[in-house]
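Okay, so here's the structure we're looking at.
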Amino acid sequence: MTRRLEKAFRLGARKRLRLVFFLAAIFWGVLVARLFWVQVWEAERYQRKAKSQNFTRATQKAERGVIYDRNGIKLAYNIPAESFYAVPDSITNPRAVAARFSSFFDKDFDFLYRNLQGHRKFFWMARSTETPQAEQVKSWGFNGIYSREEMKRAYPLEELAGDLIGLTDVDNRGISGLELYFDSLLAGQDGSEILQKDALGVAYELQESGWKEAQPGQSLCLTLDAGLQWILESRLKEGILNTKSRSGFGILMNPRSGEILALANLSNPNYDYDDKSGRLRPITDQFEPGSTIKAFVAAAALEEKIKNPDDVLYAEMGKWHTGVGKRIIQDIHEYGNLSFKEAVAYSSNIALAKTGLAVGPEKLYKFLREFGFGFKTGIELPGEAAGKLQPQENWSRITVISNSIGYGISVSALQLATAYSAIANGGILVKPHLVKAITDADGELIKETVPQPLRRVISEETARTLREFLQMAVDTGTALPAKLEGVALAGKTGTAKKIKEGAKGYTDEYLSSFVGFFPTEEPRYLGFIALDSPKGMHYGGQTAAPVFKEIVRDILSLPSTPTLELIKQKNNEDDETAPMQTVAAKVSNGGSNRPSPNKKARL
């Protein structure tokens, strides 16, 4: 080999060597850069990804607060239950698992099978199972199926006050009634736990470092009385069936404090109707009040000194031309001259329409607003209606006449009962409420509700005079069927045609009502009863007033009624007033079956 060739060969070898080193340097540089990128720059992301492949976070449900009645009876509380979940990549035969759960729990097979085959790390198979079901599932011995304890809502008095208390869903979250309105308070704050696969990838165990303790919910102590709730529901049910009404609703409250003692709505099981279960009609429904509004027209006339109890009004012998076109209003009876007190007690449309005109649109509108019509009361329940009262500037002569006899104005049962409470308690409008106190999980008091007077709407003298009017209505007037011997009871009947839904005008059906309180001079209880579309007899005095009478009889027959000392002792009581020992037994035994969320709330 010549010197020149040898030199060329050595030069080529050095170039190749430099190329190899250069390529190696690039390779190791890229590798180091990649390692730096993965281990330093993207370390957190890859750590999260690694953890996601081996860990999953599960919610630790907080224990929901208890709901009590005013006497400490549990209306809603928690019981332990077991829920079953799947770890899909630990299941060897997803078809068999899906088939067994589908058959046993009546679930869709395709839905279960699809989720067991997917890439999910955690999937609920069955929630809140009872003990016999849980034991059966455990006996199957499927790999990849695990259980955990949860809490399930229980209602010991079952359907009693069911729509009011409400319901929870499978996650123990409120979906109606008080359970919904106070969900954030009752639910507490959920905790969490970390579930980790073991080395074989077939089991999950708790990682204590990832544990967050759940905070239990607060509890509600209601103003509701379970015994009075049972009385209201029982008598309302009888009234619905006796009058063949489509449905009915009612309220019992303390007119001095605004405490709601009972609240119910029931439907007649003999009628087909749209499913409206869960709707609290005393709160959500608006209706024209009919003659029950006349007490407030009288209040305005008395307070403004426009009328005195003995003033005489001519009732036109039952038929009166309003002076607006050809419009005529009528009375049931052909009354001539009536005192103002008699006009209210006998519920003369003509006399009260004339009174409304004498009061005038401005003052009448003012008093109706002061009594709370057209406003929500602020009760602690979802879906409250505000009612409807036209702005005063839109009132005409016929508006004054219509509103004075309970047409053209819409109210809720709660509004009406609250307004009558102002007459019963001496003239002060008090805010109604359902929650007496809120306590923590240890029973320590957090908040206590005190009566909240809103404003004085009429004087004590006017309220006293109105109570006399309303007692006369029961003693000799349209509310005579509510009279109970030996009991000073006051009240007013109402009968109004129902408005057509989605159209103008009225149907041929009626909403019949009665509102009353007792004892007249020192009222402790006030009630409102409404019957929807009674058949045959449809006047409030014929239908709703007798229901209230039986409620009063039952209340006075209870062994510990605060009003007994205020009621005159009755002599030679007959079998009709036998004590209601069954009330306490019914409450303690839980009543009849509570409807499920998917069932209609019927009697």
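The values are calculated or read from the model by the stated rules, or taken from the named source; none is laboratory data. This is a predicted model, so every value here is computed, not measured. When we count neighbours, we look across all protein chains shown, and the Cβ atoms used for this are built from the backbone with ideal geometry, even at glycine.
Do we have any residue at all in the stretch 229-238 that's outside any helix (DSSP H, G or I) and either touching a helix residue (DSSP H, G or I) at 6+ places or on another chain (Cβ under 8 Å) or at pLDDT below 95 (or both)?
Within the stretch 229-238, not a single residue is outside any helix (DSSP H, G or I) and either touching a helix residue (DSSP H, G or I) at 6+ places or on another chain (Cβ under 8 Å) or at pLDDT below 95 (or both).
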* To do: Confirm whether Asn254 is crowded, with 24+ Cβ neighbours inside 10 Å and either assigned by TED's automatic domain parsing to the domain that holds Ile551 or in contact with a Cys (Cβ under 7 Å, 6 or more places away or on another chain) (or both).
  => no
* Residue that is basic (Lys, Arg) and in contact with a His (Cβ under 8 Å, 6 or more places away or on another chain), where the choices are Arg256, Arg246, Arg327, Arg281 -> Arg327
* Subset of the stretch 408-419 (residues that are more than 24 Å from the chain's Cα centre (by Cα) and either at pLDDT 95 or above or charged (D, E, K, R) (or both)) -> Ile409
* Structure fact -> Considering the stretch 505-524, residues that are surrounded by fewer than 24 Cβ atoms within 10 Å (Cβ to Cβ) and under 22 Å from Tyr539 (Cα atoms), and then whichever is nearest to the chain's Cα centre (by Cα), we arrive at Tyr510
* Which numbered condition Thr377 misses (of (1) within 17 Å of the chain's Cα centre (by Cα); (2) of a type in the set (S, T, N, Q); (3) not in a loop (DSSP other than H, G, I, E, B)) -> (3)
* **Residue among Gly502, Gly477 that alone is part of a loop (DSSP other than H, G, I, E, B) and either surrounded by 19 or more Cβ atoms within 10 Å (Cβ to Cβ) or in contact with a strand residue (DSSP E or B) (Cβ under 7 Å, 6 or more places away or on another chain) (or both)** => Gly477
* Structure fact -> Going through the stretch 125-168 in order, the residues found to be part of a loop (DSSP other than H, G, I, E, B) and either within 33 Å of the chain's Cα centre (by Cα) or β-branched (Val, Ile, Thr) (or both) are Glu130, Tyr155, Pro156, Leu157, Glu158, Glu159, Leu160, Ala161, Gly166, Leu167
* To do: Could you please find all residues in the stretch 88-122 being surrounded by 17 or more Cβ atoms within 10 Å (Cβ to Cβ) and aromatic (Phe, Trp, Tyr)?
  => Phe101, Tyr113
* Residue selected from the stretch 439-474 under the condition charged (D, E, K, R) and in contact (Cβ under 8 Å) with a residue 24 or more places away in the chain, by the criterion surrounded by the most Cβ atoms within 10 Å (Cβ to Cβ) -> Arg467
* If you check every pair at least six apart or on different chains, which have Cβ atoms under 9 Å apart with a residue in the stretch 106-122 that is over 16 Å from Tyr146 (Cβ atoms) first and a residue that is part of a helix (DSSP H, G or I) and at pLDDT below 75 second? -> His119/Asp89
* Filtered residue count, the stretch 420-447, keeping only those that are within 17 Å of Gly378 (Cα to Cα) and within 21 Å of the chain's Cα centre (by Cα) -> 8
* To do: Filter the stretch 239-254 down to residues that are closer than 17 Å to Val515 by Cα and outside any strand (DSSP E or B), then give me how many there are.
  => 3
* Within the stretch 548-566, identify whether any single residue is within 15 Å of Arg235 (Cβ to Cβ) and either exposed (fewer than 15 other Cβ atoms within 10 Å of the Cβ) or among the basic types (Lys, Arg) (or both), and answer yes or no. => yes
* To do: Please indicate, with yes or no, whether at least one residue in the stretch 388-410 is closer than 21 Å to Ile260 by Cβ, of a type outside the set (Ser, Thr, Tyr) and in contact with a strand residue (DSSP E or B) (Cβ under 9 Å, 6 or more places away or on another chain).
  => no
* **Residue among Thr355, Thr377 that is under 30 Å from Ser184 (Cα atoms), in contact with a helix residue (DSSP H, G or I) (Cβ under 7 Å, 6 or more places away or on another chain) and at pLDDT 95 or above** => Thr377
* Residues of the stretch 92-124 being in contact with a Leu (Cβ under 9 Å, 6 or more places away or on another chain) and either of a type in the set (Ser, Thr, Tyr) or more than 17 Å from Ser139 (Cβ to Cβ) (or both), which ones? -> Pro94, Arg95, Ala98, Ser102, Lys121, Phe122, Phe123
* Is there any pair linking a residue in the stretch 514-537 that is assigned by TED's automatic domain parsing to the domain that holds Arg235 and more than 20 Å from Leu484 (Cα to Cα) to one that is assigned to a strand (DSSP E or B) and aromatic (Phe, Trp, Tyr), with Cβ under 8 Å and at least six apart or on different chains, and which? -> Asp532/Phe249; Ser533/Tyr510; Pro534/Tyr510
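Being small (Gly, Ala, Ser) and surrounded by 12 or more Cβ atoms within 10 Å (Cβ to Cβ) is the filter; apply it to the stretch 307-335 and report the residue that is farthest from Gln471 (Cα to Cα).
Gly318
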* Odd one out for Lys305 among (1) of a type in the set (Lys, Arg); (2) free of Cβ contacts under 8 Å to residues at least 12 places away in the same chain; (3) closer than 24 Å to Phe528 by Cβ -> (3)
